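Have a look at the structure below, then the notes.
The values are calculated or read from the model by the stated rules, or taken from the named source; none is laboratory data. Treat the numbers as computed from the prediction; the structure is a model and nothing was measured. Glycine also receives a Cβ, built like all others from the backbone with ideal geometry; neighbour counts cover every protein chain displayed. Each accessible area value is taken on the protein alone, full model and side chains, heavy atoms only, with ligands, DNA and RNA left out. Shrake-Rupley method; radii C 1.70, N 1.55, O 1.52, S 1.80 Å.
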Amino acid sequence: MPNRILYSKYEKKIFSPENAAKLIKNNSVVGVSGFTKAGDSKSVLPSFAERAETENLKITLLSGASLGYDTDGKLAKSNALSKRMPFQVDSALRNSINNGKVLFIDQHLSETAEMLSNQHLPKVDLAIIEATYIDENGNIIPTTSVGNSASFVEQADHVIIEINKSIPLSFKGIHDIHMHKSYPKRGIIPITEPDTRIGEQFIKVDPDKVIAVVFTNQPDSPARISPPDDHTKAIAKHLLGFFENEVKEGRLTNSLLPLQAGIGKIANAVLSGFIESPFEDLTMYSEVLQDSTFELFDAGKLKFASASSITVSEECRKHFLENFEKYKDKIVLRPQNISNAAEVIRRLGIIAINTAIEFDIYGNVNSTHITGTKMMNGIGGSGDFARNAYLSVFVCPSTSKNNSISHVVPMVSHTDHTEHDVDILVTEQGLADLRGLAPVERAIQVIENCVHPEYQEQMRQYYGEALTQGGHTPHILEKTFNWHLNFKKYGTMKIGKPEFA
C-alpha cells in the first residue's frame with residue numbers, strides 16, 4: 001500500500017493483526033486510540049482478546065473514551081482486562097466492572113493525558129493507534145478521532161499503527177494536534193474561537209518506537225441513533241424556548257455561544273431541535289460530532305464545529321464521506337485535553353448540554369451510577385464542561401420504566417455534579433432555571449417544573465416535611481433514599497408500603 005505508507009522504513013514492519021497482538025505483554029499498560037467508538041483499534045486488540053482466552057493474559061487499558069461495540073466486549077469476555085479507564089459503554093464490560101472482575105477508573109476526559117504527563121499514572125508501555133496513513137516522516141495522520149492518541153504515542157515505549165483503508169486519504173487536514181508543555185512552563189492554549197487552529201495536522205512519532213504496522217479495512221462501529229420521541233421533543237422545546245428568552249433579555253444573541261452536547265439519544269435530539277429554531281450562524285466546541293451536527297450543517301444553521309471525534313450512524317457516515325469536501329473546512333478534531341480544557345471552555349463561553357441519570361431537588365446531578373452503586377458508562381466530559389461553562393444544562397426524562405422510576409429524586413444516590421455547577425435542569429415536564437437561587441428556592445423550581453405529575457405530590461410531601469426540620473438545605477436523613485429503597489424492594493419509586501411512608 002504505497003499510498004498509505006510514505007515512510008519506507010515502516011514497510012519491513014508490516015504484521016498481521018494476530019502477530020502484532022503477540023507483541024502485547026502480560027500486565028502491560030496499553031494506550032489505544034478511540035473516542036466514543038471512533039478511530040479505535042479494530043484488529044490488534046480483538047486479536048489480543050482471542051489470545052488472552054488461552055494464555056491467561058491481562059492488561060491495563062487506557063483510551064480516549066469508549067471503544068467499538070466488539071472491542072471492549074471481547075476483552076471483557078476473555079478476561080483480558082485488569083483495569084480500564086476512563087470511559088466505556090459496553091454491556092459486557094459494564095457487567096465485569098460491576099461484578100468486580102475489572103477495576104474501572106472513572107475520570108474526567110480532560111484528565112487522563114494530564115495525569116500521564118504528570119506521572120500520576122503508570123507509564124504507557126504500548127500505544128496502538130489507528131491511522132489514515134503514515135506520512136513521509138513516519139508520522140500518523142489520524143482517522144475519525146484524536147482523543148488521547150498523541151499523548152499515548154509520546155508516553156509509550158512502543159507503538160503499533162493500524163492503517164484503516166476504509167478512511168479516505170483526504171482526511172488529512174481536519175486534525176489539529178497541539179501538545180501541552182510540561183509544568184511549570186506551561187503556556188496558555190491560544191484558542192479564541194472554535195475554528196482557531198494551533199497545532200499540526202499529524203501525530204508526531206519517533207520512528208524507532210514503531211514495532212508493527214497493521215492494515216485494516218473496517219469502518220467505526222455506527223452510532224445507534226433513535227429518532228426523537230415525544231419526551232425528547234418536549235425537552236428540546238423547553239430548552240429552545242429558554243434560549244429564545246435569553247436572546248429577548250439581551251443575555252445572548254441569535255447565534256448564542258458555542259454549543260457542547262453529550263452523546264446519546266437525548267442530546268442528539270436536542271441539537272436536532274435547532275433546525276426549526278430561529279437561531280443561526282451557530283458554532284460548536286464539543287467532544288463528539290454526531291448526526292445532528294451534520295443535520296445542522298446541511299440546514300445552514302451551523303457554520304463550524306470543533307470536537308475530538310466523529311461518531312455517527314451508518315447512514316450519516318456514508319453521507320459524510322460522500323460529501324467530505326463540503327464539510328472539510330467546517331470541522332476540526334483535537335486532542336481531548338484541548339477539546340475539554342477548562343481554560344478554553346471558560347474563554348469561549350460554552351453552552352454545555354449534558355444528560356443526567358437523575359437529579360435532585362437542589363440541583364445535584366448523578367451521571368454515572370444506577371442506584372448509587374452500579375456503574376453505567378462514566379462521567380465522560382460532562383464535568384469538564386459543566387464546571388466551566390457559561391451555561392451548564394442537564395437534561396433527562398422525568399420518569400422511565402412505565403413511570404416506576406422517577407429521575408428527579410429527593411437526593412441523588414451518587415453525585416457527579418454538585419448544585420454549584422448546574423444552572424438549568426430540563427425534563428419533558430418543563431425547565432428549572434436555578435441561577436441566583438438559594439437551595440430552598442431551587443427546590444420549588446425543580447418540584448413544580450421538572451417532576452412528573454405522578455410523583456409531584458410525593459415530592460411536595462417530602463420537601464414540606466424537610467422544611468419543618470430546618471437547615472440551609474433541608475433534608476430528612478432517614479428518608480432521603482426511600483425512593484431508591486422502595487424501587488429496590490418493590491420495583492417502583494412510588495411510596496406505598498408502611499415501612500416507606
- Item | Single residue of the stretch 7-26 satisfying the filter (aliphatic (A, V, I, L, M) and within 15 Å of ASN164 (Cβ to Cβ)) that is farthest from the chain's Cα centre (by Cα) | ILE14
- Query: Can you pull out the strands (runs of 3 or more DSSP E) entirely within the stretch 27-101 that have at least 2 residues that are in contact with an Asp or Glu (Cβ under 7 Å, 6 or more places away or on another chain) and either open to solvent by 10 Å² or more (accessible area, probe 1.4 Å) or within 22 Å of ILE163 (Cβ to Cβ) (or both)?
  - Reply: 29-32
- For the stretch 404-416, which residues satisfy the criterion of being free of Cβ contacts under 8 Å to residues at least 60 places away in the same chain and either farther than 21 Å from GLY378 by Cβ or open to solvent by less than 10 Å² (accessible area, probe 1.4 Å) (or both)? VAL408, VAL412
- Task: State yes or no: is GLY300 surrounded by fewer than 18 Cβ atoms within 10 Å (Cβ to Cβ) and among the small types (Gly, Ala, Ser)?
- Result: yes
- Cβ-Cβ under 8 Å pairs, at least 6 apart or on other chains, the stretch 195-215 side within 25 Å of VAL332 (Cβ to Cβ), far side of a type in the set (A, V, I, L, M) and open to solvent by 50 Å² or more (accessible area, probe 1.4 Å): GLY199/MET179
- Those residues of the stretch 336-377 that are under 30 Å from GLY187 (Cβ atoms) and not hydrophobic (A, V, I, L, M, F, W, C) come to a total of 9
- Task: Would you be able to say whether some residue in the stretch 102-117 is over 17 Å from ASN148 (Cβ atoms) and not in a helix (DSSP H, G or I)?
- Result: yes
- Task: Filter the stretch 268-291 for residues that are buried (at least 24 other Cβ atoms within 10 Å of the Cβ) and among the small types (Gly, Ala, Ser) and give the result.
- Result: SER286
- Query: Among the residues of the stretch 124-133, is any open to solvent by 50 Å² or more (accessible area, probe 1.4 Å), in contact (Cβ under 8 Å) with a residue 12 or more places away in the chain and not in a loop (DSSP other than H, G, I, E, B)?
  - Reply: no
- Query: Would the stretch 341-350 turn up any residue that is at pLDDT 95 or above, acidic (Asp, Glu) and open to solvent by less than 40 Å² (accessible area, probe 1.4 Å)?
  - Reply: no
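State all residues of the stretch 195-250 that are over 30 Å from ASN139 (Cβ atoms) and of a type in the set (Gly, Ala, Ser); if no residue qualifies, say none.
SER226, ALA234, ALA236, GLY241, GLY250
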- Those residues of the stretch 237-267 which are farther than 24 Å from ILE331 by Cα and open to solvent by less than 10 Å² (accessible area, probe 1.4 Å), in sequence order: LEU239, PHE243, GLU246
- Tell me, yes or no, whether the stretch 204-221 has at least one residue that is at negative phi, touching a Gly at 6+ places or on another chain (Cβ under 6 Å), aliphatic (A, V, I, L, M) and in a loop (DSSP other than H, G, I, E, B). yes
